[in-house]
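Trainee: Pasting a structure here, questions to come.
The values are calculated or read from the model by the stated rules, or taken from the named source; none is laboratory data. The structure displayed is predicted, hence computed values, not measured ones. Cβ coordinates were reconstructed from backbone atoms using ideal geometry, including for glycine residues, and neighbour counts include every protein chain displayed.
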Amino acid sequence: MPAIVENAARVYRRRDMTRQTPRGAPGVAIFGGAVFDRKYRARQPLVPGTSNPVDGSHSHGGVGRNVAENLARLGARVLFSTIVGNDATGDALIGHLDSVGVDTGRVMRTSVRPTAEYAAILDEHSELALGIADMAIFDLYGPEQLDRAWPATAAAEWVLADCNLPAQVLADLAARCRAAGKRLAANTVSAPKAVKLRGLLERIDLLFTNREEAGALLGNDAATAVECAEALRQAGAQTALVTAAAEGYALLADGAVDWYAAPPASPVDITGAGDSMVAGTLFRLLNGDGLADAARAGALLAARTTETSDSVLAELSPDFFARLVDAALVKG
């Protein structure tokens, strides 16, 4: 599909010449979604079939994109591969990642579909009344796009894939990581998309999911995160982190499942919290922490993220994260 990458070489060269952040080998190579998010909160009870007054806002989203920005703000070297449209929305998404230091040199552009968007219509109580998503562009990310991006991951310590990408690409990526001896992390994204990982659990070194998504992946109705983690172990998963929102998370490691309560928080907006947990965990793994300690640090970052309206904390930095973790250690 030549239209998918019709401007790729020109875009890559222009960005390489204008980068201000020094580049080295990526610590994490991320393959996943970049989405433009819109939220509309109703000022009064919604009335079907007519115009409703709302307060609107927008932000940059997508699991892979959010994780990439978090990691870059933490000081990690990050390569991000996705596909966006040849439109102003795609320019904005990629331009912002460039500005925080993410290597976007393997982002694909296409004129076939617009950049992915998600819109949430919230009622007067800020509860989701309707969500609509245009994600068809990710179906255009195929083997040829993976071929273009893969060589740049040669020195990456971790590869992260999210389930916005097609199932065949995820399977191909898992096979490449296995052949190259790379550690592969995966994020299920949503219950409908989690099923793309069926048959791949034994090839994934670290699975990030929640109990609903894990249930969909497994095809069962396990009620708790601990039950989900145990079922994942029986299905062949090596290591998994199964979240249960504000309750906490279950950690499968070394053949055992342990439960950890979530850090205390006063949530304002949970958008992006799970992505920040993924980023915090991977960052601490890159820096030598064991998995239990890394996941605890990730949970602290997730809790703090829920206390703002930001999907990615604007003040996030290596020092901010270190202080956050140190303060928690002092408390207990």
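Trainee: Of the residues 51, 99, which is outside any loop (DSSP other than H, G, I, E, B), surrounded by fewer than 16 Cβ atoms within 10 Å (Cβ to Cβ), more than 17 Å from the chain's Cα centre (by Cα) and modelled with pLDDT of 95 or more?
Mentor: Checking each option against the conditions leaves just 99.
Trainee: Another question about this same structure. Among the listed residues 72, 29, identify the single one that is under 27 Å from residue 172 (Cα atoms), modelled with pLDDT of 95 or more, touching a Leu at 6+ places or on another chain (Cβ under 6 Å) and not in a loop (DSSP other than H, G, I, E, B).
Mentor: 29 is the lone residue from the list that is under 27 Å from residue 172 (Cα atoms), modelled with pLDDT of 95 or more, touching a Leu at 6+ places or on another chain (Cβ under 6 Å) and not in a loop (DSSP other than H, G, I, E, B).
Trainee: Could I ask something else about it? Out of (1) farther than 22 Å from residue 200 by Cα; (2) outside any loop (DSSP other than H, G, I, E, B), the odd one out for residue 213 is which?
Mentor: (1)
Trainee: Do we find a residue being at pLDDT 95 or above, in contact with a Gly (Cβ under 6 Å, 6 or more places away or on another chain), acidic (Asp, Glu) and surrounded by 16 or more Cβ atoms within 10 Å (Cβ to Cβ) anywhere in region 160-182?
Mentor: Yes, some residue in region 160-182 is at pLDDT 95 or above, in contact with a Gly (Cβ under 6 Å, 6 or more places away or on another chain), acidic (Asp, Glu) and surrounded by 16 or more Cβ atoms within 10 Å (Cβ to Cβ).
Trainee: Select from region 75-92 the residues that are small (Gly, Ala, Ser), within 15 Å of residue 27 (Cα to Cα) and part of a strand (DSSP E or B) and list them in ascending order. Write out each step before concluding.
Mentor: Quick first cut of region 75-92, residues small (Gly, Ala, Ser) only: 75-76, 81, 85, 88, 90, 92.
From what is left, the residues that are within 15 Å of residue 27 (Cα to Cα) are 75-76, 81.
Selection gives 81 alone.
Trainee: OK, next. Just checking, does region 56-67 include any residue being basic (Lys, Arg), part of a strand (DSSP E or B) and within 23 Å of residue 160 (Cα to Cα)?
Mentor: No.
Trainee: Residue 251 - would you say it is touching a residue at least 12 places away in the same chain (Cβ under 8 Å), in contact with a strand residue (DSSP E or B) (Cβ under 6 Å, 6 or more places away or on another chain), not in a loop (DSSP other than H, G, I, E, B) and not small (Gly, Ala, Ser)? Steps first, answer last, please.
Mentor: On the way: touching a residue at least 12 places away in the same chain (Cβ under 8 Å): yes; in contact with a strand residue (DSSP E or B) (Cβ under 6 Å, 6 or more places away or on another chain): yes; not in a loop (DSSP other than H, G, I, E, B): yes; not small (Gly, Ala, Ser): yes.
It is true that residue 251 is touching a residue at least 12 places away in the same chain (Cβ under 8 Å), in contact with a strand residue (DSSP E or B) (Cβ under 6 Å, 6 or more places away or on another chain), not in a loop (DSSP other than H, G, I, E, B) and not small (Gly, Ala, Ser).
Trainee: Follow-up question, since we're still on this one. Could you tell me which residue of region 54-77 is farthest from residue 92 (Cα to Cα), considering only residues that are surrounded by 16 or more Cβ atoms within 10 Å (Cβ to Cβ) and charged (D, E, K, R)?
Mentor: Among those residues, the one meeting the criterion is 77.
Trainee: I'm told residue 41 meets every condition in (1) within 21 Å of the chain's Cα centre (by Cα); (2) assigned to a strand (DSSP E or B); (3) more than 22 Å from residue 174 (Cα to Cα); (4) not aliphatic (A, V, I, L, M) except one. Can you identify the failing condition by its number?
Mentor: Of everything listed in (1) within 21 Å of the chain's Cα centre (by Cα); (2) assigned to a strand (DSSP E or B); (3) more than 22 Å from residue 174 (Cα to Cα); (4) not aliphatic (A, V, I, L, M), residue 41 misses just condition (1).
Trainee: Could you grab the pairs with beta carbons closer than 9 Å, sequence gap of 6+ or different chains, first residue in region 45-69 and under 30 Å from residue 81 (Cβ atoms), second one in a strand (DSSP E or B) and among the hydroxyl-bearing types (Ser, Thr, Tyr)?
Mentor: 57/40; 61/118; 62/118; 64/81
Trainee: Only one of 137, 94, 121 is within 16 Å of residue 162 (Cα to Cα), touching a residue at least 40 places away in the same chain (Cβ under 8 Å) and among the aliphatic types (A, V, I, L, M); which?
Mentor: The conditions single out 137.
Trainee: Examine region 104-127 for a residue that is closer than 23 Å to residue 280 by Cβ and touching a helix residue (DSSP H, G or I) at 6+ places or on another chain (Cβ under 8 Å), and state whether such a residue exists.
Mentor: Taking every residue of region 104-127 in turn, at least one turns out to be closer than 23 Å to residue 280 by Cβ and touching a helix residue (DSSP H, G or I) at 6+ places or on another chain (Cβ under 8 Å).
Trainee: So which of 153, 115 ends up being more than 29 Å from residue 251 (Cβ to Cβ), under 18 Å from the mean Cα position of the chain (by Cα) and crowded, with 19+ Cβ neighbours inside 10 Å?
Mentor: One residue alone meets the criteria, 115.
Trainee: Which number in (1) surrounded by fewer than 16 Cβ atoms within 10 Å (Cβ to Cβ); (2) at positive phi; (3) at pLDDT 95 or above marks the one condition that residue 126 misses?
Mentor: (3)
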